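The values are calculated or read from the model by the stated rules, or taken from the named source; none is laboratory data. It should be emphasised that the depicted structure is a prediction, and the values quoted were computed from it without experimental measurement. So basically every Cβ, Gly included, is an ideal-geometry build from the backbone, and we count neighbours across all protein chains shown.
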Amino acid sequence: MTGTQTAALLLGGVVVILLGLIFLAPGTDYPDKDTSELEREQLFRITEQLLEESEAWPTERSAEGVAVASSLEPNPVRTVRYSVEVDADLEKVIEYVKAENYSGKARREKADKYEVTLYQKDDADGPYEWVRRSVHIAPPPGGNRDAVVMYFEDRPDPKTYRIAFESVETIEGEDFPEVEDAVRFKVLPSLYKVEELAPGKVRVRKVEAVDPRGAMSTLMNNYFISLFFFRDYMFEQAKEMQATLGAGRRWGEGPG
């Protein structure tokens, strides 16, 4: 065997090992949770602490009024955070955020995505707690992604609006039908928060960690999925929010 052949074999071996680490290495196992196990106040405490800690993360992406950062702490997968500041009426911003998280059945119907509500509890003002399933459909050889998440809406004071959310595997002890050929994504404790900083000046922050468990290794999630997809997705989401609210448009309206 020549030196070139030996080098090629060694290189091939290194490539196989790296691909194994990226695609085949085990990810993180999480305990299954039922809706009854999620406590509203506890989830808000955990996510508020996470949001506070995220203020120290260095900015990685930015645009006018928008900043995005991420961290490998405290979750076993990368957590992404964005902050948006906009000159707008607080209630209009809350309307935007509510529409983005609305719990109505078949909230969105797209060629590559659908969302349905599996459970909902209302108060006098509308949805108060809900479980929403979001399914992203990918053509082969990609895989479909499925996330079932419980949301808690909260208005702790007139100048603050919050939604805390986390994945669940059962609803009041009952399983829900699986989506064929879909990988169940795990959304770890996350928070969406709207605050009025001054009259006409509003800040929106979102901190979220998503683990495509069962499909990708932790390495793949942290350094490929999160950095090159999830972080950019949240950056584009934040810029769209800033542009829409800054232009005085309502959610769902196009430019102009």
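Key figures
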item: Candidate set: region 166-199, residues that are more than 18 Å from the chain's Cα centre (by Cα) and under 14 Å from Val84 (Cα atoms); chosen: the one surrounded by the fewest Cβ atoms within 10 Å (Cβ to Cβ); result: Leu197
item: In region 21-64, residue modelled with the highest pLDDT [restricted to those that are surrounded by fewer than 15 Cβ atoms within 10 Å (Cβ to Cβ) and of a type in the set (Phe, Trp, Tyr)]; result: Tyr30
item: Inter-residue pairs, beta-carbon under 6 Å, first under 13 Å from Asn75 (Cα atoms) and in region 40-57, second of a type in the set (Gly, Ala, Ser), 6+ apart; result: Thr47/Ala164
item: Search result, residues across region 117-147 that are among the aromatic types (Phe, Trp, Tyr) and either surrounded by fewer than 17 Cβ atoms within 10 Å (Cβ to Cβ) or modelled with pLDDT under 90 (or both); result: Tyr128
item: Selection from region 94-119 of residues that are over 25 Å from Val204 (Cβ atoms) and in a strand (DSSP E or B); result: Glu109, Tyr114, Val116, Leu118, Tyr119
item: When residues of region 132-165 are limited to those that are under 20 Å from the mean Cα position of the chain (by Cα) and polar (S, T, N, Q), the one nearest to Gln120 (Cα to Cα); result: Ser134
item: Residue list for region 68-93, restricted to those being outside any loop (DSSP other than H, G, I, E, B), more than 17 Å from Lys159 (Cβ to Cβ) and either more than 16 Å from the chain's Cα centre (by Cα) or of a type in the set (Val, Ile, Thr) (or both); result: Val68, Thr79, Val80
item: Condition check for Val68: at pLDDT 90 or above, surrounded by 13 or more Cβ atoms within 10 Å (Cβ to Cβ), closer than 29 Å to Glu196 by Cβ and in contact with a Gly (Cβ under 7 Å, 6 or more places away or on another chain); result: no
item: Subset of region 138-172 [acidic (Asp, Glu) and out of contact with any Phe, Trp or Tyr (no Cβ under 6 Å at 6 or more places or on another chain)]; result: Asp146, Asp154, Asp157, Glu166, Glu169, Glu172
